[in-house]
Amino acid sequence: MCYSSSVPTTKLFIDGKFVESSTSEWLDIHNPATNEVVGRVPKATQEEMLAAVDSCSRAYSSWSETSILSRQQIFLRYQQLIKDNIKELAKIITLEQGKTLADAEGDIFRGLQVVEHACSITSLMLGETLPSITKDMDTYTYRLPIGVCAGIAPFNFPAMIPLWMFPIGMVCGNTYLMKPSERVPGCTMLLAKLLQDSGAPDGTLNIIHGQHAAVNFICDHPAIKAISFVGSNQAGEYIYERGSKNGNFVLYCVSQGAKNHGVVMPDANKENTINQLVGAAFGAAGQRCMALSTAIFVGESRDWLPELVERSRSLRVNAGDQPGADVGPLISPAAKARVESLIQSGVEEGAQLLLDGRKVQVKGYENGNFVGPTIIGNVSPNMTCYKEEIFGPVLIILEADSLDEAISLINSNPYGNGTAIFTTNGATARKYTHEVDVGQIGVNVPIPVPLPMFSFTGSRGSFRGDTNFYGKQGIQFYTQIKTVTSQWKAEDATLKSPAVTMPT
Ligand code: NAD
């Protein structure tokens, strides 16, 4: 393919240098608002990927022994540099991913909070001690890094999800190989530059690009001790399977797709609930794993539907860098076609289209991947639009006669990423939080993504692995425990003969 020299290429980041790939295979990066090619990203060659992992392996011996205070200082500088560069990072996200600039800043901010939390590593990595477990004997544990770790990221949060991965892995003393989404690599590259400027030594973070070959390389390389993945179910199952088979000591933390339900009780604060639903269904054009894509209206709350439709209709669909834009484009023409066909499937299977965003026109951006806010009512659980994760600005409406019916519907769904209930009744909220089988629950909070002192705890079909991202569980994921039992006897207590029986 012939490219104009003005199309920038994404570099690899190997051993502290931003280098041009020698590959002959390149992928285009598109601006989703126009579908213009705004960059190219390489499919890294086998030699380049090997150089990257070798660099991680070499850097590990000194990085893992670098004092924890020095590692902490680097991440303290890093959080400041991310803040200083938030506008620049947001511009790259909007260009490559399409979300609005304000939403892109939110994407960075939620990742920044994880970096800030990583700065507490001096407390987070403390071990345990128990003195005098027997005479003159003490036991204590160290939390130690595990080696070279790797992260495979999706397109929908170009800043937040990579920042869930390498800062926590590295602050624990591991070195890190990142593979950003090939559709939105630019933000990770600037994040890598800022980390280097913060003082991270060469080789502690390496970045490769590509698709399946890069993923297979990560799954198969024996030096890689832990893999973190966020993305679709299909890729997640594959990576979980392949990595487990090939690794000697591979840990997983896999977050996958979602279908999140919001339950609207008739006693909820109506104005608040409608605004929350609209924001959580259509923000980021519905391309959030925690988007509230399904609402269950219980009893008389179904009367609020006309207002929900009007409020949704009023959102402004536009390119993400345009002032006042509420809803940006979808990532690709294929994503737009898929979303539109799932809307059509609802129509054909007997649902009621209450708001149809398929014909939306955005002046000046006629080639963009836009779908306007869409609401499908009268949906039943056997319909395709309910069973599949739509990942677009589409809100599915179901109705239930009671809270019990709503809970049973949600618990029958295979996914368990997030859910929310809207109510003013504490007992209703308590019953819901105890009975619903979903990992992250909001009470009058539509997108309950936990802050980094907690962990991201999606469950059931939305999660595979041993521990969760960030928080205490993130530290657990990226460390191993060494337990030391030591005895210091006074000289006169020296053993007089070998102890051949098991000590009791
Ligand atoms: P994706 O699975 O297509 O891609 C994720 C990563 O996997 C990319 O780096 C990609 O190169 C790689 N990949 C893609 N297909 C692959 C395959 N067949 N084999 C091996 N590797 C493959 O996901 P996406 O479209 O970039 O992101 C959207 C998805 O991510 C949605 O399903 C969303 O729900 C999910 N997601 C989940 C969470 C969560 O925490 N549960 C968070 C964000 C996104």
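If you wrap the Cα atoms of segment 177-221 in a convex hull and average its projected area over all directions, you get 3.2 nm².
Name the long-range amide H neighbours of L395: under 5 Å, sequence gap of 5 or more, or other chain; modelled H, no Pro or chain starts. It is T374, I375, I376, by chain and number.
Length available on full extension from N382 to E237: 0.36 nm per residue minus the Cα-Cα distance, which gives 49.8 nm.
Averaging 1/r over each pair of different alpha-carbon atoms in segment 372-463 and inverting the result gives 14.3 Å, the Kirkwood hydrodynamic radius.
The accessible surface of segment 1-131, taken with every protein chain in place and a 1.4 Å probe, is 55 percent carbon and sulfur. For the peptides 365-373, 451-459, the ranking by mean Cβ contacts within 10 Å, running from highest to lowest, is 365-373, 451-459.
Once the gyration tensor of the Cα atoms in segment 22-102 is diagonalised, the equivalent ellipsoid follows with semi-axes of 31, 24, 6 Å, ordered largest first. By DSSP, the beta bridges lying fully in segment 85-200 are antiparallel in about 40 percent of cases. For segment 133-225, trypsin sites (Lys or Arg not before Pro) meeting the loop criterion (DSSP other than H, G, I, E, B) and having at most 14 other Cβ atoms within 10 Å: K135. At the listed q of 0.13, 0.16 Å⁻¹, the Debye profile of segment 126-190, built from one uniform point per Cα, gives log10 I(q)/I(0) equal to -0.50, -0.61.
Placing +1 on the Cβ of every Lys and Arg and -1 on the Cβ of every Asp and Glu, with no other charges, gives segment 84-161 a dipole of roughly 100 debye about its Cα centre. The portion of the accessible surface of segment 251-360 made up by carbon and sulfur, rounded to a whole percent, is 49 (1.4 Å probe; DNA, RNA and ligands excluded). Computed log10 I(q)/I(0) for segment 210-364 at 0.12, 0.15 Å⁻¹: -0.71, -0.93, from the Debye equation with unit scatterers placed on every C-alpha and solvent omitted.
Compared with the dominant Cα axis of the chain, that is its longest principal axis, helix 86-97 is turned about 60°. Using the Cβ of F282 as centre and a radius below 13 Å, the other residues enclosed give a net charge of +3, where K and R count +1 and D and E count -1. From the residues S228, M290, H261, which one has its Cα farthest along the dipole of segment 200-323 in the positive direction, the dipole being from +1 and -1 charges on Cβ of Lys/Arg and Asp/Glu about the Cα centre? Farthest towards the positive end: S228.
Only beta bridges with both residues in the chain are counted; by DSSP, about 45 percent of them are antiparallel.
Against the compact-protein benchmark of 2.2 N^0.38 Å, the Cα-based radius of gyration of segment 427-504 scales to 2.05. Considering only V37, L126, L101, the residue lying farthest towards the positive end of the dipole of the chain is L126, judged by Cα position with unit charges set on Cβ. Calculation over all alpha carbon pairs of segment 96-140 in 10 angstrom steps from 0 returns a P(r) of 22, 23, 19, 15, 11, 8, 2 percent. Accessible surface computed residue by residue for the chain, with neighbouring protein chains in place and a 1.4 Å probe, gives 42 Å² per residue. With viscosity set to 1.002 mPa s and temperature to 20 °C, compute the Stokes-Einstein D of segment 46-199, Rh being the Kirkwood radius across alpha carbon pairs; µm²/s, no decimals. Result for D is 128 µm²/s.
Computed from the alpha carbon atoms alone, the convex hull of segment 317-367 holds 82 Å³ per residue. Seen against the Cα atoms of the chain and their longest principal axis, helix 68-84 is set at about 20 degrees. Assuming charge only on the beta carbon of Lys and Arg (+1) and of Asp and Glu (-1), the dipole of segment 310-409 about its Cα centre is about 540 debye to the nearest 20. The GluC sites (Glu not before Pro) found in segment 86-195 that occupy coil by DSSP, while having at most 16 further C-beta atoms within 10 Å, are E128. Modelled label positions at T66 and A223, each set 7 Å beyond Cα in the direction of Cβ, lie 1.7 nm from each other. Along the axis of the charge dipole computed for segment 426-504 (Cβ charges of +1 for Lys and Arg, -1 for Asp and Glu, origin at the Cα centre), the listed residues T494, N444, S459 are led at the positive end by N444.
Computed from Cα atoms alone, the Kirkwood hydrodynamic radius reported for segment 418-457 is 10.5 Å.
Quick note on the chain: its Rg to Rh ratio, both from C-alpha atoms and Rh being the Kirkwood radius, is 1.03. Based on the Kirkwood approach, the hydrodynamic radius assigned to segment 324-430 is 15.5 Å, with every pair of different Cα atoms included. Qualifying chymotrypsin sites (Phe, Trp or Tyr not before Pro) in segment 1-65, where qualification requires a DSSP coil assignment and no more than 15 other C-beta atoms within 10 Å, comprise Y3. For the chain, the dipole from Cβ point charges (+1 on Lys and Arg, -1 on Asp and Glu) about the Cα centre works out to 660 debye, to the nearest 20. Evaluated at q = 0.22, 0.26 Å⁻¹, a Debye calculation over the C-alpha positions of segment 250-320 (equal weights, vacuum) places log10 I(q)/I(0) at -0.98, -1.23. When Rg and the Kirkwood radius Rh are both evaluated on Cα atoms of segment 154-288, their ratio Rg/Rh stands at 1.07.
The values are calculated or read from the model by the stated rules, or taken from the named source; none is laboratory data. Predicted model, so just to flag it, every value in this text is computed and none were measured. Note that we place each Cβ from the backbone using ideal geometry, even for glycine, and neighbour counts take in every protein chain shown. Accessible surface areas use protein heavy atoms only, side chains included; no ligands, DNA or RNA. Shrake-Rupley method; radii C 1.70, N 1.55, O 1.52, S 1.80 Å.
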